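The values are calculated or read from the model by the stated rules, or taken from the named source; none is laboratory data. From a predicted model like this one, the values you see are computed outputs, not experimental measurements. Quick reminder, even Gly has a Cβ in these numbers, built from the backbone with ideal geometry, and neighbours come from all protein chains shown. The protein model used for the area step is the full one, side chains on, heavy atoms only, and it has no ligands, DNA or RNA in it. Shrake-Rupley method; radii C 1.70, N 1.55, O 1.52, S 1.80 Å.
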Amino acid sequence: MTIRLHSLSSALMVAAALMVLFDTLYFASQRPDYSHITNTISELGETGASHARQVAFGFFLPVGLLVWLSLWLVHREASDKHASLMLLAMSCLGTGYVMAAFFPCDPGSPLFGSWRQQVHNVFGFIEYEGTGIGFLLVSRYLARQNATAQAVAFLVAGALVLLCLALLSFEGAFHVRGAIQRVTEITMFIGVLSTCSLLPRRQ
């Protein structure tokens with residue numbers, strides 16, 4: 001039963017990652033003025049966008065729910081409170097996507113805007129901050145088990161996510177924030193997928 005839950009959890013994370021990849025490419029292709037270098041993923045579902053509802057409830061919401069379900073399955077097999085804390089922190093990745101479905105950004109996703117934009121920004125911060133901290137917790141957990149190489153990998157991933165968060169909050173980096181966000185998303189999904197695969201074996 002543990003092996004089947006472990007495999008299902010990883011499969012759900014792979015499905016979520018593939019959905020982000022293909023839905024981002026598809027909805028971006030529907031907007032000729034969209035740039036993967038400059039524009040954020042949130043802007044695909046911005047207020048007033050032609051496919052805003054499809055992005056919100058056919059892309060963001062399912063991805064967030066898949067991440068939550070995947071981590072919940074791993075949590076069912078967790079044997080200590082430290083593992084539960086790590087998984088709770090990483091569940092912020094799913095929280096960011098779910099809340100983006102209900103609180104779309106303003107056109108252009110500015111740092112400051114309507115109340116809906118501010119809520120969107122707060123949960124975006126929670127998504128990146130929480131996931132980054134989750135990776136640092138995993139790193140410490142693995143270091144205590146003498147899994148040095150894996151611990152270093154999660155340490156680097158956590159630091160990278162937190163660095164990208166800082167850059168995304170810097171207005172001077174807006175011309176490349178789409179690229180920065182994509183690096184962050186790739187790092188987060190690989191890190192959470194690795195946790196879903198690794199943690200049950202370590203437990």
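On the basis of being at pLDDT 90 or above, part of a helix (DSSP H, G or I) and either touching a Lys or Arg at 6+ places or on another chain (Cβ under 6 Å) or crowded, with 21+ Cβ neighbours inside 10 Å (or both), does Val152 make the cut? So Val152 fails the test. Among the residues of segment 15-46, those identified as open to solvent by 60 Å² or more (accessible area, probe 1.4 Å) and touching a residue at least 40 places away in the same chain (Cβ under 8 Å) are His36, Ile37.
Does at least one position in segment 81-102 carry a residue that is without any contact (Cβ under 8 Å) to a residue 12 or more places away in the chain and within 21 Å of Tyr26 (Cα to Cα)? Scanning segment 81-102 turns up no residue that is without any contact (Cβ under 8 Å) to a residue 12 or more places away in the chain and within 21 Å of Tyr26 (Cα to Cα).
On the given criteria, is Ile126 touching a residue at least 40 places away in the same chain (Cβ under 8 Å), surrounded by fewer than 20 Cβ atoms within 10 Å (Cβ to Cβ) and under 20 Å from Leu85 (Cβ atoms)? When the stated conditions are applied, Ile126 does not pass them.
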